[in-house]
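One structure is given here, and the rest of the page talks about it.
Nothing in this text is a laboratory measurement; each read-out follows from the coordinates by a stated rule. On a predicted model such as this, the values are computed, not experimentally measured, just so you know. Positions of Cβ are generated from backbone atoms using ideal geometry, with glycine treated the same way; all protein chains shown enter the neighbour counts.
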């Protein structure tokens, strides 16, 4: 009988100890975790170097990316707006076969043709008018600031912080750049020169939106309209649509 009482007392004492020890003074603390694997997923997370976990190194995984592009030929759901869906369908131009070595585009469908030159006549499907121009240009500026400015510079002059630090060189100045909007898209999507591919981190709509902002850098009147809704720009006006 005494043994049973002792066991019951020990169990109660142990339970109370665990309960008290799980309480902390920090109101933001979740408390002590006794079985974290039960409520914290062990699934792979993006941008984590799994070559070193809790001080243990595994050279097989060291430096390998954990953030991968979606499976080949998969298309995200973009709603039921037919124009939006058409805009977001996979890019019809293919990377040159040389991009497999120069830009790490493994497993893609390649082309032996000079697709950059063929893209010279491709037009921006996002048409600007007096009602949407400011919204599109401002969104383009936001995307450019986040994704491009570190190399291309705030003014698009090719003197961003990465260039100023000496990490990169040869970044072009947008003013006077001969590339058409189709060639800009191809370059951003697949990469060009020292610039890597951005097709996995920017969707097609975002890239075309950035190109509108680049056009504004090239021409201060680009995307501006008069009182009659007519485009003011006479330098770069191939994708404005007065309405």
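Relative contact order, whole percent, for the range 82-218 stands at 29, derived from Cα pairs under 8 Å and 6 or more residues apart.
The residues 206, 142, when put in order of fewest to most other Cβ atoms within 10 Å, stand as 142, 206. Ordered by the number of other Cβ atoms lying within 10 Å of each residue's own Cβ, fewest first, 184, 86 fall into the sequence 86, 184.
Rounded, prolate or oblate: which fits the range 82-218, taking a ≥ b ≥ c as square roots of the Cα gyration tensor eigenvalues, rounded meaning a/c under 1.5, else prolate when a/b beats b/c? Display every interim value, and only then the final one.
On the way: a/c = 1.73, a/b = 1.05, b/c = 1.65.
Oblate, since a/c reaches 1.5 and b/c is not below a/b.
Counted residue by residue at 0.36 nm each, then reduced by the alpha carbon distance between them, the extension gain from residue 75 to residue 108 reaches 10.4 nm.
Could you please tell me the mean projected area of the C-alpha convex hull for the range 144-210, averaged over all directions and given in square nanometres to one decimal?
Values: hull surface 17.0 nm².
Projected over every direction and averaged, the Cα hull of the range 144-210 covers 4.2 nm².
Ranked by how many other Cβ atoms sit within 10 Å of their own Cβ, fewest first, the residues 137, 201 fall in the order 201, 137.
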